[in-house]
Amino acid sequence: MYGFLLIIVAVLVSRGVPGGYWWLPYVLTALVAGSLGRYLSTRYWIDDQYLHAWRLLGGVRIRLDRVRRIEYVSLRDLSPGGMFGSWGWRGRMWSPRIGHFDSIYTDAARGVLVTAGEVPLYVSPRNREAFARELSRRVRSYSGRLTVDVGDPLQAAGAPSQI
């Protein structure tokens, strides 16, 4: 998508921009570069008290003792948002199944939905199975076993969630 947008900017520049809009290619390039920077800067880590999901100019921090569910999901199954549904700067989305949720991700097909507090968080770590196991291990040290926890070795591993 970023490549497609850059091609559009290149076509605009090559054909010449109408007189009053000389600034348009610069603004479009800055928007594409900023969005690409946010995409490439997406990181997740878990410390002693928090799950951190971070990207350039924004992020979310969830207390581990507030986590109630950890499940594998696909963003496409959660929300029919289409191509522009997740391009909001904050990443707030809506699903007919779970209501409002935040999303900081790079992969819409293979993610982890972490439910804590009022707003669940959709993340897509590179190795979602290892990430879910580590998150589950740390959450269980605070609150014991969860009812839905794909990272818990005593629950059915890999079973898709039924949201």
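The values are calculated or read from the model by the stated rules, or taken from the named source; none is laboratory data. If you're wondering where the values come from, they're calculated on a predicted model, not measured in any experiment. Here the Cβ positions follow ideal geometry from the backbone for every residue, glycine too, while neighbour counts run over all protein chains shown. Remember, those area values only see protein heavy atoms, side chains included, never the ligands or the DNA or RNA. Shrake-Rupley method; radii C 1.70, N 1.55, O 1.52, S 1.80 Å.
Computed with a 1.4 Å probe over protein heavy atoms only, the accessible surface of the chain comes to 60 Å² per residue. Over the Cα atoms of the chain, the radius of gyration divided by the Kirkwood radius equals 1.09; this is the Rg/Rh ratio. Per residue, the average separation of C-alpha pairs within less than 8 Å and at least 6 apart gives segment 1-136 a relative contact order of 18 percent.
Of interest is the spacing of the C-alpha centroids, which for segment 20-81 and segment 125-158 amounts to 22 Å. Sorting 35-44, 4-13 by average packing, meaning the other beta carbons within 10 Å per residue, from highest down gives 35-44, 4-13. A crude spin-label estimate for the pair E118 and R145, with each label 7 Å from Cα along the Cβ direction, gives 3.2 nm. Our summary gives segment 107-160 a relative contact order of 23 percent, counting only alpha carbon pairs under 8 angstrom and 6 or more residues apart. Nonpolar atom fraction for the chain, defined as the carbon and sulfur part of the 1.4 Å probe accessible area, stands at 58 percent. Using C-alpha pairs under 8 Å with a sequence gap of at least 6, the mean separation divided by the residue count of segment 1-66 gives a relative contact order of 20 percent. Counting Lys +1, Arg +1, Asp -1, Glu -1, what net charge surrounds D77 among other residues with beta carbon under 12 Å of its beta carbon? Once positives and negatives cancel, what remains is +2.
Taken as entire DSSP H runs, the helices of the chain never both span 30 Å or more between Cα atoms along their own long axis and average 1.0 or more on the Kyte-Doolittle scale. Taking label points 7 Å from Cα along the Cα-to-Cβ direction, Y2 and Y26 give a separation of 2.2 nm.
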